[in-house]
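One structure is given here, and the rest of the page talks about it.
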Amino acid sequence: MARSILHIDLDAFFVSVEQALNPELKDKPVVVGGRPDKRGVVASASYEARGFGLHAGMPLATACRLCPQATFIEGSFPKYREASQRFMAILADFSPYLEPVGLDEAYLDATGFESIYGSIRQMAMDIKRRIKTELGLCASVGIASCKVVAKVASELSKPDGLLEVAAGKELSFLAPLPIAKLPGIGRKTEQILNSLGIDTIPKLSMMPLDALKSHFGASGELLHRYANGIDDRQVEPPAAAKSISRETTFGKDTRDRSLLSATLGYLSERVGATLRQRDRRACCVTLKLRYADFTTITRRHTLGQATDADQTIFNTGQKLLKQALSQERQPVRLIGIGVSNLVEPGRQLDMLDTSVQRLEQLNRAIDRIRNKYGFTAIQTGRTLLLKEIFPENESGYTLQTPSLSR
Ligand code: TTP
Ligand code: MG
């Protein structure tokens, strides 16, 4: 039986939260990101502002030149987080198969729910209505038999849209669209494909798998599947984990501090991304080392303030690593980093601490790019060394042993 997957994405999220709180801003060009005289870029632009050519990522100065009458707002992350939590709570009322992606986007699996709501389309309309009346926000919804088509459909239906792609019609739905509309195709991939004469999704779908793999490695297979409207990824509700950890065994035992540190950096980023995906913060960081003789140690540090920042997890892990290595001469066989004592983010503390807010915004921005283009689309200085050592694909580095989670 074909699945019914919904992809729900809030329209102009940051801006719409500001407009819901201050009705004077409704139906006007509004930008969240900062004052136009500041350096920085547009985070969110209202659809009225988009009419003037404004979009996310555009420098504020350019935005101001194109649309001087727009209202520019610095923005405040805690407000968006609260709206996001209320948005996800509404969705959770409709299906337990809910997978949040970032703050304003989620997948719902509604397979077989016709009998409850009359039709899946009706269910989507009920979701949109609740979001409108309870939060004052507009959501766009795509319905399809798989995630990738549902996502393309919601995007295409914006703003305030609802688009259903019937099972079996995936390919004809995708056919007229430019390749850049497919998730996973960034500017670079688009350029390479264009240089190969591939500019439409049907052409991409007909390109031999081997040729795609030779140009794009493992992501080539994903492109092939997506272009054919095939995506068997499940909607995965985040588990209510008590701790999150990632660890890996080295191909060869090592004393190389740069390699240990770069691996720790990468594992910290994986842990941080999972924490943010689940909207949790951690109070404890634990380093795990297994030495050549298989003795295993863990070292734990309790933080003064709960965190979801890769940087804090990594810095804490680094300190624990330095202490551990100063007491041990053996090479390291396995390294792992974990976080525990998970709490929901508190709002008051964030408001006071702008450096915490900045880090959170930075990490969320990195998450967004990685969600769209793959984990290795952005690499941080602390992990660059791994590029020379491990093969990579869109979901990350291929380490000697897969990094484990619990
Ligand atoms: P998006 O869903 O990509 O954008 P949006 O909700 O503003 O607009 P759309 O109607 O097209 O969905 O991102 C959600 C929020 O994430 C957005 O409101 C602000 C934030 N964001 C940034 O801070 N920087 C960015 O570059 C992007 C794309 C989003
Ligand atoms: Mg959005």
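The values are calculated or read from the model by the stated rules, or taken from the named source; none is laboratory data. Keep in mind it's a predicted model, so treat the numbers as computed, not measured. Backbone-built Cβ (ideal geometry, glycine too); neighbour counts: all protein chains shown. Areas reflect the complete protein model, heavy atoms only, side chains present, ligands, DNA and RNA absent. Shrake-Rupley method; radii C 1.70, N 1.55, O 1.52, S 1.80 Å.
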Going by accessible area, probe 1.4 Å, with all protein chains left in place, what is the ranking of Lys288, Lys188, largest first?
Lys188, Lys288
Reported to two decimal places, what Rg/Rh ratio describes the stretch 145-185 when computed on Cα atoms with Rh from the Kirkwood expression?
0.93
Mean separation of Cα pairs under 8 Å and 6+ residues apart, divided by the residue count of the chain: what relative contact order is that in percent?
14 percent
May I ask for the equivalent-ellipsoid semi-axes of the stretch 269-383, computed as the square root of five times each C-alpha gyration tensor eigenvalue and listed largest first in whole Å?
27, 18, 12
So what's the convex hull volume per residue for the Cα atoms of the chain, in Å³?
159 Å³
Per-selection metrics, the stretch 229-305 (Cα): Rg and Dmax in Å:
15.7, 49
Mean separation of Cα pairs under 8 Å and 6+ residues apart, divided by the residue count of the stretch 134-193: what relative contact order is that in percent?
27 percent
Assigning unit charges at the beta carbon (Lys, Arg +1; Asp, Glu -1) and nothing else, what dipole magnitude in debye, to the nearest 20, does the stretch 161-277 show about its Cα centre?
380 debye
If N is the residue count of the stretch 121-277, its Cα Rg over 2.2 N^0.38 Å rounds to 1.34
With a 1.4 Å probe and all protein chains kept in place, how do Asp199, Asp9 rank by accessible area, largest first?
Asp199, Asp9
How much space per residue, in cubic angstrom, does the convex hull of the C-alpha atoms of the stretch 20-168 take up?
117 Å³
Using only the heavy atoms of the protein chains and a 1.4 Å probe, how would Arg86, Arg280, Arg358, Arg3 rank by accessible area, largest first?
Arg358, Arg86, Arg280, Arg3
Counting only helical runs of four or more DSSP H residues, what would the 222 nm mean residue ellipticity of the chain come to if each run contributes -39,500 (n - 2.57) and the total is spread over all its residues?
-13000 deg cm²/dmol
Over 23 Å (Cα to Cα) - which of Lys147/Lys242; Lys26/Lys79; Lys79/Lys132; Lys181/Lys213; Lys147/Lys169; Lys79/Lys151 fall in this group:
Lys147/Lys242; Lys79/Lys151
What number, in percent, do you get for the relative contact order of the stretch 33-161 if the mean sequence gap of Cα pairs under 8 Å and at least 6 apart is divided by its residue count?
14 percent
When all Cα-Cα pair distances of the stretch 195-243 are considered, the percent exceeding 16 Å is 48 percent
Rounded to the nearest 10 Å², the accessible area of Arg35 using a 1.4 Å probe with every protein chain kept is 120 Å²
Dipole of the chain, positive direction: furthest Cα of Ala377, Ser258, Phe52, with charges on the beta-carbon
Ser258
Express the carbon and sulfur contribution to the solvent-accessible surface of the stretch 240-307 as a percent, rounded to the nearest whole number, probe 1.4 angstrom.
46 percent
Formal net charge of residues neighbouring Thr200 (Cβ-Cβ distance under 14 Å; K, R +1; D, E -1):
0
Please compute, over every Cα-Cα pair in the stretch 114-208, the percentage with a separation greater than 21 angstrom.
42 percent
Distance between the C-alpha centers of the stretch 293-330 and the stretch 205-242? Whole Å please.
35 Å
Where only protein heavy atoms count, and the probe is 1.4 Å, what is the accessible area per residue for the chain in Å²?
48 Å²
Solvent accessible area, Å² - Leu174, 1.4 Å probe, full protein context
0 Å²
